[in-house]
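The structure under discussion appears below in the form of C-alpha cells.
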Amino acid sequence: RHGGDEPDQQHDHDALRALVGDGTVLVGPMTPAEVRRAVERPAASARLVLDDGLADTVVSDAGDEPGLLPLLSTAMAQLWERRDGQALTYASYVGLGGLSGAIATVAEETYAGLSEDEQDTTRLLMLRLAGPGDGAGVTRRRVPLREVESLPHRGIRQVVEELAAARLLTVSDGHVEVAHEALFREWPRLRTWLIEDAAGRAVQRRLAVAAAEWDADGRESSGLWGGTRLASGLEVAEAKPD
C-alpha cells in the first residue's frame, strides 16, 4: 500500500502481532547444518565434550525424519543424563537406540518402573490420548483432566504425574496430552496397543465428542446414542470393560 493507506497498513501489522502474541513460533525443517549446531553449541556452552563421530551420526540419523525436534530434544536430554563426567558418549547414543529410539527407550524404562496396576492404567491412558489416524499417522488428542480422572482405574492421576515427569506427557490448563506424537510411531508397545484396540478407539473417540455435545446441550435425552451407535458402544464396553 502507498500514501494514505499507510495507517491501515500499520493497523494490519498490529492485528498480526496480536494473533501471534501467544508465543507460538513456527519452525520449518532443520537443515543438516542446523541440526549440527543444535547438538554442538549447547554442549559447548555447558562445557561438555562429544565423542568423535557422535555429532556426525546424529546429523546423519536426522535425515528427513518427521517430527525431528522432539526426537532430537529427547535424545540429547537422555545423553546428558547418561553422560560420563563431561562427555556425551557414542556408547550411550547407541544404547538409546539412536535418534528414533530415544523416546521409545524413555517410555519403556518408565513403563518398566511402574507397578502392574499402573502399567494397566498406562495402557488405558495412552489409548485415550490417541487421536485420529492409523499406523505412523496417529495424532495426539488433548484431553481434559476431568475426563482422565473419570476413568475407572484408581491412581490414574499418579500415573499421569509419573509420565509427565518423564516428559512423555504434557499437563497444562486442565488438559493432558502426549508430549511428542513420535511416541505413537516409535514406541513398539504403544503401537501394539493401538493395533489391538483400533476398533474400540474409534468408538471411544466418537463417544467422547457425543458426550461433550450432550453435556453442552443440557443433557437432553434426545442427544443420547441409540440404534447402531449405541450397539457399537455397548459391544466395545462389553469386550473391553476398562
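The values are calculated or read from the model by the stated rules, or taken from the named source; none is laboratory data. Computed from a prediction, not measured in an experiment: that's the story for all the values here. Glycine gets a Cβ as well: all are built from the backbone with ideal geometry, and neighbour counts include every protein chain shown. Just so you know, the surface numbers come from the protein's heavy atoms only, side chains and all, with ligands and any DNA or RNA stripped out. Shrake-Rupley method; radii C 1.70, N 1.55, O 1.52, S 1.80 Å.
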> Once you list every other residue whose beta carbon is under 10 Å from the beta carbon of residue 93, what net charge do they have if Lys and Arg are +1 and Asp and Glu are -1?
Replying inline: -1
>> For a protection proxy built on the mean count of beta-carbon atoms within 10 angstrom, sort 34-45, 97-108 highest first, please.
In response: 97-108, 34-45
>> If I stretch the segment between residue 217 and residue 110 completely, what's the gain in nm (0.36 nm per residue apart, minus their alpha carbon distance), one decimal?
In response: 34.5 nm
> Share of the chain's accessible area from carbon and sulfur, percent, 1.4 Å?
Replying inline: 52
> Semi-axes of the equivalent ellipsoid of the stretch 169-242: what are they in whole Å, largest first, if each equals the square root of 5 times a C-alpha gyration tensor eigenvalue?
Replying inline: 27, 19, 8
>> On the Cα set of the stretch 81-154, report Rg and Dmax in Å, please.
In response: 16.3, 46
> By the scheme Lys and Arg +1, Asp and Glu -1, what is the net charge of all other residues having a beta-carbon under 13 Å from that of residue 188?
Replying inline: 0
>> At a 10 angstrom cut-off on C-beta neighbours, averaged per residue, how do the peptides 125-132, 112-119 rank from highest to lowest?
In response: 125-132, 112-119
> How many angstrom lie between the C-alpha centres of the stretch 148-220 and the stretch 94-120?
Replying inline: 18
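Which of the peptides 74-82, 222-230, 193-201 is most tightly packed, and how do the rest follow, going by the mean number of other Cβ atoms within 10 Å of each residue? Could you put the intermediate results ahead of the total?
Details: 74-82: 18.6, 222-230: 10.9, 193-201: 16.0.
In descending order of packing, they fall as 74-82, 193-201, 222-230.
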> Residues with beta-carbon under 12 Å from that of residue 104, excluding residue 104: net charge, scoring Lys, Arg +1 and Asp, Glu -1?
Replying inline: 0
>> Can you give me the distance in nm between label points at residue 41 and residue 56, each placed 7 Å from the Cα along the Cα-to-Cβ direction?
In response: 2.3
> How large is the accessible surface per residue of the stretch 105-157, computed with a 1.4 Å probe and reported in Å² as a whole number?
Replying inline: 51
> Given 112, 100, 139, which one lies farthest toward the positive end of the charge dipole of the stretch 42-155, if we put +1 on the Cβ of every Lys and Arg and -1 on the Cβ of every Asp and Glu?
Replying inline: 139
> So how compact is the chain: Cα radius of gyration and Dmax in angstrom?
Replying inline: 22.5, 71
